[in-house]
1. Please determine whether any residue of segment 80-90 is assigned to a loop (DSSP other than H, G, I, E, B) and either within 30 Å of Lys191 (Cβ to Cβ) or small (Gly, Ala, Ser) (or both).
2. Do the conditions hold for Glu154, that is, is it open to solvent by 50 Å² or more (accessible area, probe 1.4 Å) and either under 14 Å from the mean Cα position of the chain (by Cα) or not polar (S, T, N, Q) (or both)?
3. Take segment 215-254 and flag every residue that is within 13 Å of Leu190 (Cα to Cα) and assigned to a helix (DSSP H, G or I).
4. Please state which of the following conditions Tyr62 fails to meet, knowing it meets all the rest: (1) out of contact with any Lys or Arg (no Cβ under 8 Å at 6 or more places or on another chain); (2) under 30 Å from Thr131 (Cβ atoms).
5. Just for segment 135-147: of the residues that are touching a residue at least 12 places away in the same chain (Cβ under 8 Å) and over 10 Å from the mean Cα position of the chain (by Cα), which one is most open to solvent (accessible area, probe 1.4 Å)?
6. Could you go through segment 199-209 and let me know if any residue there is at pLDDT 95 or above and open to solvent by 70 Å² or more (accessible area, probe 1.4 Å).
7. Which of the residues that make up segment 214-241 are open to solvent by 90 Å² or more (accessible area, probe 1.4 Å) and either in contact with a strand residue (DSSP E or B) (Cβ under 7 Å, 6 or more places away or on another chain) or aromatic (Phe, Trp, Tyr) (or both)?
8. Please determine, by comparing only the residues of segment 78-87 that are out of contact with any Gly (no Cβ under 7 Å at 6 or more places or on another chain) and closer than 25 Å to Val47 by Cα, which one is surrounded by the most Cβ atoms within 10 Å (Cβ to Cβ).
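The values are calculated or read from the model by the stated rules, or taken from the named source; none is laboratory data. Please read these numbers as outputs of a predicted model, since none were measured by experiment. Ideal geometry is used to build each Cβ from the backbone, glycine not excepted, and the neighbour counts take in all protein chains shown. Note: accessible area is taken over every heavy atom of the protein model, side chains too, but ligands, DNA and RNA are not part of it. Shrake-Rupley method; radii C 1.70, N 1.55, O 1.52, S 1.80 Å.
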Amino acid sequence: AYYLGRFGRHRRAIEVRFLRAEILFFKLGQSEAAGDEYLAVGKTTPVGKYHKDALYKAMNAYKKARPPGAPVAGRRELLPVDRKFAEAIDLYATLFPADKDIVGVIYENGELFYRYGDYDEAIKRFGLIVTRYPDDPNAGAAGDRILDGLNRAEDYENIENWARKLKKARAFQSREQQARLDRLIVESILKSGEKYAAAGDPVKASAFYLRVSSEFPNHALAPKALFNAAVMQEKARRPEDAARTYLSLAERYR
């Protein structure tokens, strides 16, 4: 510590910091402090021989420093050590993307945020797995977590966006999964329409409803969506548009 405080920019400082982290973790049992030193090594540039080992050990140190007990969503905030753990994982995945062993750790970290109800951070991790490691066994479960997290957050427009992305993912190429994603897209478009209708924006609501019949004309909910679009056009004081939509409904879905 004395050396690092005075010669922190010396070429040997990275090695000294790594060795100090080893002492803190293995000899003194100061897990979080050790994690901080390991992470500091991982943040240095350029990437050298200590980076990979340091970041892996940072994850283990922060994991050991985490208090026991499972988190309960919405009951308490993530601890600083949890966010440091996430930072170490994110940096490792950035510097060493070819290491497939990291995927399970990323998934575990996403689960941590998910259980705390921090869906934005959880989706970042799960999205990384789906987009960067599409062949990994965790990719399918990660995609499911993305959709479930967005649904819990009632973020229907993002549900639609992610469902469209997942349609291209290898883990979702079966006929059943494709049909499921199509259903989610339609339902999320309808939910977005309902959201804007409830917010007093009938113009936006009608635009969402019209998209269902336009993009999924054979879907069972397409007639209902078209009818809702006409109702919203009436509320928006666009009677001619509403009349055309009602007539379209009568002609297309006899």
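1. Step one: list which residues in segment 80-90 are assigned to a loop (DSSP other than H, G, I, E, B), which gives none.
Among the residues of segment 80-90, not one is assigned to a loop (DSSP other than H, G, I, E, B) and either within 30 Å of Lys191 (Cβ to Cβ) or small (Gly, Ala, Ser) (or both), which makes the answer no.
2. On the way: open to solvent by 50 Å² or more (accessible area, probe 1.4 Å): yes; either under 14 Å from the mean Cα position of the chain (by Cα) or not polar (S, T, N, Q) (or both): yes.
The answer is yes for Glu154.
3. Start the filter on segment 215-254 by keeping residues that are within 13 Å of Leu190 (Cα to Cα), which leaves 215-216, 219-229, 232.
Scanning segment 215-254 gives Glu215, Ala222, Pro223, Lys224, Ala225, Leu226, Phe227, Asn228, Ala229, Met232.
4. Tyr62 satisfies every listed condition except (1).
5. Step one: filter segment 135-147 for residues touching a residue at least 12 places away in the same chain (Cβ under 8 Å), giving 135-136, 138-143, 145-147.
Imposing the further condition that a residue be over 10 Å from the mean Cα position of the chain (by Cα) reduces the set to 135-136, 138-141.
Values: Asp135: 110, Asp136: 31, Asn138: 47, Ala139: 4, Gly140: 19, Ala141: 40 Å².
Among them, the one singled out is Asp135.
6. Looking only at segment 199-209, we keep the residues that are at pLDDT 95 or above, and these are 199-209.
Then drop every residue that is not open to solvent by 70 Å² or more (accessible area, probe 1.4 Å), which leaves 199, 204.
Within segment 199-209 (the criterion being at pLDDT 95 or above and open to solvent by 70 Å² or more (accessible area, probe 1.4 Å)), the answer is yes, since at least one residue qualifies.
7. Phe227
8. Let us first name the residues in segment 78-87 that are out of contact with any Gly (no Cβ under 7 Å at 6 or more places or on another chain), namely 78-83, 85-87.
Then keep just the ones that are closer than 25 Å to Val47 by Cα; that gives 81-83, 85-87.
On the way: Val81: 19, Asp82: 22, Arg83: 15, Phe85: 27, Ala86: 22, Glu87: 18.
Within segment 78-87, the match that is surrounded by the most Cβ atoms within 10 Å (Cβ to Cβ) is Phe85.
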